[in-house]
Amino acid sequence: MASAYWAPTMKLPDGRIVSPAYQKTYYQADDVAHNPVQPFPAGLELLAGDHHGSTPPKQINFFCAGGNGYFNKMGRICGPRSPAGPVQFNIGLRFPNCWDGKNLKPSRGHPNGTYAVNNRCPADFPVKIPTVNMNIAWVFPDLKSLDTRKIQLSMDPDRVNGKRVEKWGSLYTAHADFMNGWTVDGARFMTDHCLNLAMQCGLNVPYSMSVAQESSYVDSDNPQATHGGESQVYIEDNWTPPGRDAHPQKLALLKFTIPPLPDKQPPEDAALFKYSVRLYGSNVTDTATRILHVYAVSDDWQADRVNWKNRPQVVYTDVGTLRHGSTPGTIYFDVDRYVRQQAALGKKTVSFYIGGERQGREFAFAGTKSTTPPLLLVKGMRHTPVP
């Protein structure tokens with residue numbers, strides 16, 4: 001349900017063999033307005049670097065924590081990352097971002113990927129994919145310095161007389177493997193709902209998702225109007241005296257297919273996955289950041305027919321809340337308990353009312369017909385401490 005990565009082990013000048021302390025990976029895309037990226041295909045594997053390399057690599061950089069930035073030539077001496085801290089050495093690798101569209105795995109002498117030039121992919125590798133950036137860190141609490149000329153990295157082993165013989169090379173042999181394990185929904189979310197919109201999605205890549213089937217809003221000032229064809233939904237209410245029904249009200253309606261949870265998971269892993277909704281919008285009245293309220297509602301409505309007069313009944317009991325301000329952007333809010341309850345009842349879809357902040361401010365959020373539609377996500381992540 002997530003991707004896998006391979007990185008070399010390191011041999012220190014004193015002969016010790018050490019594995020990386022940790023690695024960080026992030027995904028990016030450039031010039032998406034003219035050259036959007038496509039989702040990683042299932043099973044794709046990519047190679048960065050050359051384990052036979054003998055010259056400074058183009059797509060790989062080295063880094064001494066506490067030093068003077070990245071470099072790609074051996075010879076620098078790494079000192080402690082802080083006066084009393086350990087020595088830390090990092091390797092940053094950039095994987096190919098153009099795929100040949102055919103081969104899921106590279107083979108010896110026949111790469112399945114290459115690098116875009118001026119954000120364009122060559123004809124032999126026409127499919128532009130997200131750029132995988134991998135940063136590998138080795139941490140040495142017992143060292144005072146590390147000479148990068150004397151570092152060796154593991155290479156492909158040989159077999160001599162039926163026995164495995166390890167091989168070692170200089171920093172110029174640095175290489176790594178990426179093995180795509182994102183789900184189809186996760187890979188699609190990354191491209192269609194993040195990178196191609198030039199949006200940062202952080203740690204929100206889901207296991208599964210659904211785009212809102214329908215969205216609309218109902219307006220007490222225009223009780224017979226329908227708004228299912230609009231690209232935005234509006235929210236407003238005011239509970240101050242003389243009471244909610246004495247003020248204008250706008251309630252947003254969202255309907256989703258319930259996306260699946262992962263199956264065959266041990267209990268401790270299954271508990272990591274939660275349902276949440278993503279919306280894009282803002283407070284359009286003033287600069288205040290306020291809490292909005294999410295209510296349960298039946299699925300007995302259609303976006304092109306629902307209006308204030310025939311709206312489904314609303315019970316003003318929160319099944320979630322969201323906090324948002326005047327800067328347009330995404331907001332994620334937890335609806336896990338309610339969605340699980342509906343799924344346990346055999347429901348295939350789930351609907352929500354999004355109510356206002358009860359002080360009269362109006363909020364606008366993107367609807368189903370926008371480029372940033374509402375999403376119902378299943379997300380799960382285990383936090384790993386960094387040494």
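The values are calculated or read from the model by the stated rules, or taken from the named source; none is laboratory data. A quick note: this is a predicted structure, and the numbers were derived from the prediction, not measured. Methodologically, a virtual Cβ is constructed for each residue, glycine included, from the backbone with ideal geometry; neighbour enumeration extends over all protein chains shown. Only protein heavy atoms, including side chains, enter the accessible area calculation; ligands, DNA and RNA are left aside. Shrake-Rupley method; radii C 1.70, N 1.55, O 1.52, S 1.80 Å.
Couple of notes before you dig in:
- Every residue from region 95-106 that is open to solvent by less than 60 Å² (accessible area, probe 1.4 Å) and of a type outside the set (A, V, I, L, M, F, W, C): P96, N97, D100, G101, P106
- Taking the criterion of being over 15 Å from D221 (Cα atoms) and either free of Cβ contacts under 8 Å to residues at least 24 places away in the same chain or of a type in the set (V, I, T) (or both), the residues of region 234-260 that qualify are T240, P241, P242, G243, T257, I258.
- Candidate set from region 230-264 (those that are within 25 Å of T371 (Cβ to Cβ) and among the polar types (S, T, N, Q)); member that is surrounded by the most Cβ atoms within 10 Å (Cβ to Cβ): Q232
- Meets criteria (under 21 Å from S216 (Cα atoms), among the acidic types (D, E) and open to solvent by 10 Å² or more (accessible area, probe 1.4 Å)) for D318: yes
- Any hit, region 242-254, residues being modelled with pLDDT of 95 or more, touching a strand residue (DSSP E or B) at 6+ places or on another chain (Cβ under 6 Å), in a loop (DSSP other than H, G, I, E, B) and closer than 26 Å to T349 by Cα: no
- Candidate set from region 265-279 (those that are farther than 17 Å from Q213 by Cβ and in contact (Cβ under 8 Å) with a residue 60 or more places away in the chain); member that is most open to solvent (accessible area, probe 1.4 Å): K274
- Residues in region 285-299 that are in contact (Cβ under 8 Å) with a residue 60 or more places away in the chain, of a type in the set (V, I, T) and buried (at least 16 other Cβ atoms within 10 Å of the Cβ): T285, V294.
- Any hit, region 9-19, residues being open to solvent by 40 Å² or more (accessible area, probe 1.4 Å) and closer than 30 Å to L261 by Cα: no
- In region 115-125, the count of residues that are touching a Phe, Trp or Tyr at 6+ places or on another chain (Cβ under 7 Å) and either at pLDDT 95 or above or among the small types (G, A, S) (or both) is one or more.
- Among the residues of region 58-84, just one is over 15 Å from I136 (Cα atoms) and open to solvent by less than 20 Å² (accessible area, probe 1.4 Å), namely C78.
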